[in-house]
């Protein structure tokens, strides 16, 4: 039996360039699902430093480029997050996708909206410089953390709760969806997957790919479901899939001005 074809698959907060990024697992999810539309819902990068990208991070980008090939008939949408700011033109060129501040589409007679969610977080909006410095500190901390990055991940969860990001984004999302006449609204940013309903509107948060329990969302005729990625015994790419992705990586390297024999390891690694 052929696998189910989803109308839309959504994932966010992969934070490529971060030591905590689960880019390999995110790539596997994209390979193992079939969908007509892919929404990358912001913070796909940790910051603007491409030197932090590892081999698996480049492979994720290579697979996005592969999906965006018109022959695959998949609509690939990138919604900009606060960490992606400044990469819009670069990513549009490198991986061949359109980048939006907010994206909406219709399905089953309902309007759907995808927006990263930092727009509803006043702390981020009002403290861009501080947020940038905190990001640099957090990325440096990860280099000296233990295996599995327990300290960095604990700080990430505590930071989300202390700033009350989940509550702020949820509240702002409901107001925004109501003003746009949407029945469903999807956000990232908080790193906490959830589903809430209010006055006929359903809010979903996609979670993140920097924790031990990464999550993603699929939308099909059965509705909307938040899936939790589960670790596999063999979490390696097959040689067949790897060759296809690596060919896309060579193209990415050329477009980014890197040498063809570049090993795709982050600078200083």
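The values are calculated or read from the model by the stated rules, or taken from the named source; none is laboratory data. Just so we're clear, the structure is a prediction, and the values are computed from it rather than from any experiment. Counting neighbours? That spans all protein chains shown, and the Cβs are built from the backbone with ideal geometry, glycine included.
Looking at 60, 50, 35, which is the one that is in contact with a helix residue (DSSP H, G or I) (Cβ under 7 Å, 6 or more places away or on another chain) and either within 23 Å of residue 169 (Cβ to Cβ) or crowded, with 19+ Cβ neighbours inside 10 Å (or both)?
Numbers: 50 fails: in contact with a helix residue (DSSP H, G or I) (Cβ under 7 Å, 6 or more places away or on another chain); 35 fails: in contact with a helix residue (DSSP H, G or I) (Cβ under 7 Å, 6 or more places away or on another chain).
Of the residues listed, the single one that is in contact with a helix residue (DSSP H, G or I) (Cβ under 7 Å, 6 or more places away or on another chain) and either within 23 Å of residue 169 (Cβ to Cβ) or crowded, with 19+ Cβ neighbours inside 10 Å (or both) is 60.
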Expected single match for in contact (Cβ under 8 Å) with a residue 60 or more places away in the chain, farther than 25 Å from residue 113 by Cα, out of contact with any helix residue (DSSP H, G or I) (no Cβ under 7 Å at 6 or more places or on another chain) and surrounded by 24 or more Cβ atoms within 10 Å (Cβ to Cβ) among 28, 22 is 22
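When you go through 261, 237 one by one, which is the residue that is closer than 25 Å to residue 37 by Cβ, part of a loop (DSSP other than H, G, I, E, B), more than 19 Å from the chain's Cα centre (by Cα) and at pLDDT below 55? Don't jump to the end; show me each part of the working.
Details: 261 fails: closer than 25 Å to residue 37 by Cβ.
237 is the lone residue from the list that is closer than 25 Å to residue 37 by Cβ, part of a loop (DSSP other than H, G, I, E, B), more than 19 Å from the chain's Cα centre (by Cα) and at pLDDT below 55.
For residue 43, are the conditions met, namely being crowded, with 24+ Cβ neighbours inside 10 Å, out of contact with any strand residue (DSSP E or B) (no Cβ under 7 Å at 6 or more places or on another chain), part of a loop (DSSP other than H, G, I, E, B) and modelled with pLDDT under 95? If you could, list the steps in order and put the result at the bottom.
Working: crowded, with 24+ Cβ neighbours inside 10 Å: yes; out of contact with any strand residue (DSSP E or B) (no Cβ under 7 Å at 6 or more places or on another chain): yes; part of a loop (DSSP other than H, G, I, E, B): yes; modelled with pLDDT under 95: yes.
For residue 43, the condition - crowded, with 24+ Cβ neighbours inside 10 Å, out of contact with any strand residue (DSSP E or B) (no Cβ under 7 Å at 6 or more places or on another chain), part of a loop (DSSP other than H, G, I, E, B) and modelled with pLDDT under 95 - is met.
Which ones in region 22-40 are out of contact with any strand residue (DSSP E or B) (no Cβ under 8 Å at 6 or more places or on another chain) and within 13 Å of residue 207 (Cα to Cα)?
First, pick out the residues of region 22-40 that are out of contact with any strand residue (DSSP E or B) (no Cβ under 8 Å at 6 or more places or on another chain): 22, 24-25, 27-28, 31-32.
Residue satisfying the conditions is 22 alone.
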How many residues of region 81-109 are part of a strand (DSSP E or B) and either under 20 Å from residue 47 (Cβ atoms) or touching a strand residue (DSSP E or B) at 6+ places or on another chain (Cβ under 6 Å) (or both)? The answer is 6
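I need the strands (runs of 3 or more DSSP E) fully contained in region 162-231, keeping only those with at least 3 residues that are closer than 21 Å to residue 5 by Cβ. If you could, list the steps in order and put the result at the bottom.
Details: elements: 184-187, 194-198, 201-205, 215-220, 223-228.
Passing ranges, in order: 215-220, 223-228.
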